[in-house]
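The values are calculated or read from the model by the stated rules, or taken from the named source; none is laboratory data. Because the structure is a prediction, the values reported are computed rather than measured. So basically every Cβ, Gly included, is an ideal-geometry build from the backbone, and we count neighbours across all protein chains shown.
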Amino acid sequence: MCATARFLSGSVKMGRLCTSILLLSICLNCTSQKQELQMGVDVFLEHHTPLVADARVGLITNPTGRTKTGITTIAALQQHPDVNLVALFALEHGIKAEAKAGEHVRDTQMDSLPVYSLYGSDRSLKSALDNIDVIIYDIQDVGSRAYTYIWSLTKVIKAAGEHDKRVIVLDRPNPLGGLTVDGPITEEKWRSLVGGLYPVPRAYGLTAGELARYLNREHLLACSLTVVPMEGYQRNTRWADIGRDWIEPSPNIPSPESAITFAATGTIGALGTVHIGIGTDMPFQIAGAPWINAEKTARDLNALQLPGVEFQPIIFEPDTWLFRDKKVQAIFLHITDPIAFRPTRTEISILAHLVATYPEFKIPKDRYDRFDQAMGTSTVREALLKGDSAREIWERWEGELEEFSTARKKYLLY
């Protein structure tokens, strides 16, 4: 889609609208000079390939798995004389990260290797692991528990623990940073690949490797798990400071900005009544509808002084999906500080504003379960329908967030 999104304060042309855990201690001599960031894959290739000596290796990856030279992790492992790569594994969106959300992913081949689907396949994880000794994970995540990759990894970790296989996670940054812990803890009723398979907040403030360590130990997954940490990464590192091009981990996350705002609009999108930018150049970065007064909504939300975000009013006309060919007024989430940003507080604030301001806004009854699953609880929806303020809602989960934040400390690598 090519469209023009008109910012109401100006105009801008938009384009296409587990029992033992081995932690590798690779903290080198610290200096005051800023260290170049090395992804886990680069650290592994330089220092730690003996971990897979004489082992049959499987790899979970997609196009985000790349080395500092830009070659894929698949190619890097295939070319390495000490690595016997025998199989690839695909998660949601497939090995090329091109399949739509929820679309069945089939077995295929790539670079002369079999690709086994771990998403939408009837195959048991045991049979998928039968012909390998160690499975390596190298995928860029977005830092939200509503994104399915980390839960597919968790299922692999659990299966590996049950069947005496090893797992190695090659760590990558969390686009939300390593400090943001936000949102309700998933309740047991709503646990899934979307709501989260284990009780963690919507934004968990951990890298994939750190979360894997947390889940493996706290939930007794009993896997022989190794995390290869990055070098030069700090908890307050912003993606803009990393110096790497963003590669889409899935079709609707084309930029780090979309990755950051995913946790702030994804549940709104589950309602099917508000446009969140899917099919535009700004997926997950906007929230709009024909009945919204964008200037008023931006003004009211900016008055809340939510951290790390500024709301800008825009008008656009989508040519796909919801409100096709209609003029839509929307707010654009301009992230001013991704480390300070609180995505779930932001999403709840948007929802509470819509409930209080626009009679046209509805939470359809046939979407209750979908919304609750994405949020990980029914209490948020129930509070919104009752007319509770955003602050009243988010203050209810502060105690459990403090408990989680304390529990996660022992698993931090940076």
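Laid out as a table, the results:
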{"read-out": "Selection within segment 39-66 - among the polar types (S, T, N, Q) and surrounded by fewer than 19 Cβ atoms within 10 Å (Cβ to Cβ)", "value": "THR49"}
{"read-out": "Matching residues in segment 179-207 - criterion: being among the small types (Gly, Ala, Ser) and under 13 Å from the mean Cα position of the chain (by Cα)", "value": "GLY195, GLY196, ALA203, GLY205"}
{"read-out": "Test set (1) under 16 Å from the mean Cα position of the chain (by Cα); (2) assigned to a loop (DSSP other than H, G, I, E, B) - GLY266 fails condition number", "value": "(2)"}
{"read-out": "Any pair with Cβ under 8 angstrom, 6 or more apart, that starts in segment 40-62 at a residue that is in a strand (DSSP E or B) and modelled with pLDDT of 95 or more and ends at one that is charged (D, E, K, R) and surrounded by fewer than 24 Cβ atoms within 10 Å (Cβ to Cβ)", "value": "ARG56/ASP133; VAL57/ASP133"}
{"read-out": "Where HIS104 falls short, out of the listed (1) in a loop (DSSP other than H, G, I, E, B); (2) touching a helix residue (DSSP H, G or I) at 6+ places or on another chain (Cβ under 6 Å)", "value": "(2)"}
{"read-out": "Residue check for THR261: in the same structural domain as ILE393 (by TED's automatic domain parsing), of a type in the set (Ser, Thr, Tyr) and farther than 24 Å from ASP241 by Cα", "value": "no"}
{"read-out": "Scope segment 120-145; condition modelled with pLDDT of 95 or more and hydrophobic (A, V, I, L, M, F, W, C); matching residues", "value": "ILE132, VAL134, ILE135, ILE136, ILE139, VAL142"}
{"read-out": "Unique residue being surrounded by fewer than 24 Cβ atoms within 10 Å (Cβ to Cβ), under 29 Å from ASP369 (Cβ atoms) and outside the structural domain of ILE157 (by TED's automatic domain parsing) when the list is GLY195, GLY288, GLY269", "value": "GLY269"}
{"read-out": "Output for segment 107-120, where each listed residue is within 22 Å of the chain's Cα centre (by Cα) and outside any strand (DSSP E or B)", "value": "LEU118, TYR119, GLY120"}
